[in-house]
Every structure is written in C-alpha cells, then in structure tokens.
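Bear in mind that the values in this text are calculations on the coordinates, not laboratory data. The structure presented is a predicted model; accordingly, all values stated were derived computationally and were not measured. Cβ sites come from the backbone with ideal geometry, for glycine too, and all protein chains shown count toward neighbours.
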Amino acid sequence: MNAHEPTRRDALRSLAFAAAAPTLLAQATSAYAAKAATASTTASLSLPRPVPASLSRNSKLQAGIVGFGVRAREIYNGFLDDDALEIVSVADVVDARTAEGVRRVNERRKSDVCKAAKDWREVVHDPRIDIVIVTTPDHWHAEPAIVASLAGKHVYCEKPLSLTIAEGRAIANAARATGIRFQTGSQQRSEYGHMFVRAAEAVRNGRIGKISKITVGVGESPKPCDLPTEPLPEGIDWEGWLGQAPLRGFSSTLCPIGVHNNYPAWRNYREYCNGGLADMGAHHFDIAQWALAMDESGPRGVIPPENGAKTGLRFIYADGVALVHGGPTDCTFFGSEGTIEVSRGHLRAYRGTDRSAPDAPEILADPKGNELRLPRNASHIADFLSAIREGRDPICTAETGHRTATICQLCNIGYEVGKPLLWNPTTERFEGANAEAANALTLRAVRKHH
C-alpha cells in the first residue's frame, strides 16, 4: 500500500476531524486570544495519512472541490489541464451547483469519474482524495482548510484566506504543522503576463532605489448585512451556507439560486467577507507585501485618516515604508529613483514621480548578474501541483496568504477604531494605546452549526 491508498481506519479518522470542525475553529480562535495559537498546538497530531516528501513527476492525484460557484468554474479546468489529476468529488450547499460541477468535470473527462458529495465534510474525509480545493465564500474558508490540513490533504484555498486574523493564524499553523502543501489563490504571483512578478522583482532588486511609499487602489470596508429575508427555495442548505456566521433568513443576494453567472454580493457584508477592501486588496496588498519581502511579517503602525474617511489609511513598516489604502492604480511603488505602476492590464516605470514622465523600460528589464529572479510560473495551479510532486512550498503558502489577509483585516480594524495603532507582526497582537479595543476585533465568535 502506498501513501495514496489510505485504509478504512484512515477514512474514519478523517471523518472524525471533519465532524469536529466547528469545535476546532472555536478552539483555534480562543487559543489565539490567549496567545496560544502556535504551530506546536498541532505538531503532535498523528495524521490520518502520511504526507510524502515528493512524488514522481506524473504521479496521479485526486481532488475534491468544496463550493462550485463562479470562481470554481473559472479554475477547475486549470486542474484538469493536468492529465495526471482527476476531480472525483464536488460539494456545494446548492444542489444545482453540485450537479453542475459533476456534469462539467465528467463532460471534460468524457467519463463518469466525478461524483456528488453531500457536503464539504464528505469531500475532506474521502480516502481517495489528495487535494481539497476550497472555493467557498470567505467565511467558509477556515473550517475546510484546517480540517483538510489535519487530515493530511493538500489544500488550494481561494483568497482572501480568512475572515479574521485568528482564523488565518489557525489555518497557517495547521498547514505548517502537518507538512501539507497549501496554495492561497493569489494568482497575480503567477499569471497576468507576469507583470506583477516583474514589478515586485524590480522593487526588490533596487531598480527604483529606496522605497518610500506604496499605494494600493482597492475598495472600501464592508457594511453590516441588512438584506431582507426571502422564501427559502428547495435544494439549498441555507444553514450550511451560513455556517459560523450569525443566524439570519435566506437571501438570494448572498446565495444565488441555481447556477449563477455573477460574483455574489456577500462580498459587501462583514459577516461573510471584509468588503471590497479585502476582495481585491487580497490581490494587491499581496503584491506590496511580496515586493517588500514581507511574506512572513507585516507593518508596525496602522494610522487611519483623521477625517474619518474610508480610504487613506496608512501602514508603516519598521524601515519607514508607508503602505497606503487608495491610489491611482492597483499598485504604485514610489522609490528614490523612480516609480512603478502595475495592475492587471498595465505595467510601466518612469523616473521621478510625475506620471507624465516618459517610460523607463530599463527599470523593468530582466534581472542581470546576481539580481533576484522571481519565478515565472506557467499558472498558479500548475505551480501548486508541481509543489506537491516536488515536495516544496508553492509560491503563495498559507502563511503568506494569512499575512496578506491580515493587512486587509488590520485596515478594517484601523478604520473601525479610528485611532493610531501599534501592531506587532511577531506576536500578531496590538500593543500600546487603543490596543484593547483593536485586539478584540482580531477574532469573532463562532456560531454553533453543522
């Protein structure tokens, strides 16, 4: 028997992990509040299945998808582009979406390889599955990601990684302690013509001198959910959709009926997401962190605007660099010797700070000599699958995804408290003035749910 042939005992133990998920998450957030959320809390676990150090290049992998909405439909083919991978299970709280996921996979493979799962727990404890793909709303990232990690499954989880700082730390610790490969879906590190790669690389190679400021043009903080209740249609597990979130009546704005073609507006509401600030901020703050070589750290100061505005908050790093919420492009890097602007359809560099200045293409030229060269991945998914087979970390680990999500969450906390804050990226706690109020916002109560 090899590492990809678990026993019935393995499956039962995985199921036990899944059944305990709400308790695990509640304990994780409580432990965080008590400053006990460290990797050692899970390091002694006996995993239901061993995690091999590496695999052969063409090793067969089997995956399951948790949540089959628009984002899952955008990425599932990226997994099936790998001929040595099969998606064997799909689960969604809407029956029509589960059925659509199964249909699409089987149509692509021209085989009845994929089956419907009752819920995410069935996906995670399925002994056939090596990889769990989490493409749910943000408030449902933590439980499947943590439990899959504890079950010895590799995880691909969409961004933003977590709803709270406490959740993010719990996810990162579970992935680190169990040794699974975890990719956060911050695909700008791998895709979009490598424009973000080139920008981050140029900054790290000192092509525009010492960085003084980075601006990130993304949306605003979320608002409390005030949507009216609608009749609950058949075929939707509404309790399953709510999960840890506060109990409320059904809304098709939050959970569209059937197979939908829009990004649902749950992104606007604090119970389920951290607003437009986090939805795209998880992409663009991620590039800022990457360019600053802060993948496992973060800023020290959180300074909201004095006028109560919902943009303009500044983060201050230990070396004095300012990261500002709001700006003319997705990411703009200001250095002593030039400026770099980058977004999904735009990359340019110029000398000085005047946007009318002529382009300076030499700033973005390929690295030379001993300069750093960041990876040029074929795709974000391909990097993840290669990482599993090669026994290495992918380009955006759980720790990295957590640190980026933390930036978004710190931004919201800063606006809510409305006063300057001192953040310790090592302990992941606020210190000094206003710390008590701010630390209370790093976690939330987990509603008892199935």
Determine the relative contact order of the chain: mean sequence separation of Cα pairs under 8 Å and six or more apart, normalised by residue count, in whole percent. 20
Simple SL model, points at 7 angstrom along Cα→Cβ for LYS419 and THR253; separation in nm is 3.3
Tilt of helix 398-417 relative to the longest C-alpha principal axis of the chain, in degrees (0 to 90, nearest 10)? 60
Per its Cα gyration tensor (rounded if a/c is under 1.5, else prolate when a/b beats b/c, else oblate), the range 299-448 is best filed as oblate
Using +1 on the beta carbon of Lys and Arg, -1 on that of Asp and Glu, and nothing else charged, what's the dipole of the chain about the Cα centre, debye to 20? 560
With a ≥ b ≥ c from the Cα gyration tensor eigenvalues, square-rooted, and the rule rounded for a/c under 1.5, otherwise prolate when a/b > b/c and oblate otherwise, the range 353-410 is oblate
Please go through the range 345-450 and write out the GluC sites (Glu not before Pro) that DSSP classes as loop and that have at most 15 other C-beta atoms within 10 Å. GLU371
Over what distance in Å are the Cα centres of the range 139-192 and the range 314-378 separated? 28
Please report, for the Cα atoms of the chain, the Rg to one decimal and the Dmax as a whole number; what are they, in angstrom? 21.6, 66
Principal semi-axes in Å for the range 171-270 [√(5λ), Cα gyration tensor, largest first]: 38, 19, 15
Entries of LYS310/LYS419; LYS223/LYS310; LYS60/LYS159 with Cα pairs more than 19 Å apart: LYS60/LYS159
Can you give the net charge of the other residues whose Cβ lies under 11 Å from the Cβ of GLU296, counting K and R as +1 and D and E as -1? 0
The range 382-397 versus the range 47-124: alpha-carbon centroid distance in Å: 18
Amide H contacts under 5 Å for ILE87, restricted to residues at least 5 apart in sequence or on another chain and with H modeled in the peptide plane, are ALA63
nm² value of the averaged projected area, convex hull over the Cα atoms of the range 257-372: 11.1
For the chain, take the longest principal axis of its alpha carbons; what is the angle in degrees between that and the long axis of helix 8-19, to the nearest 10 within 0 to 90? 60
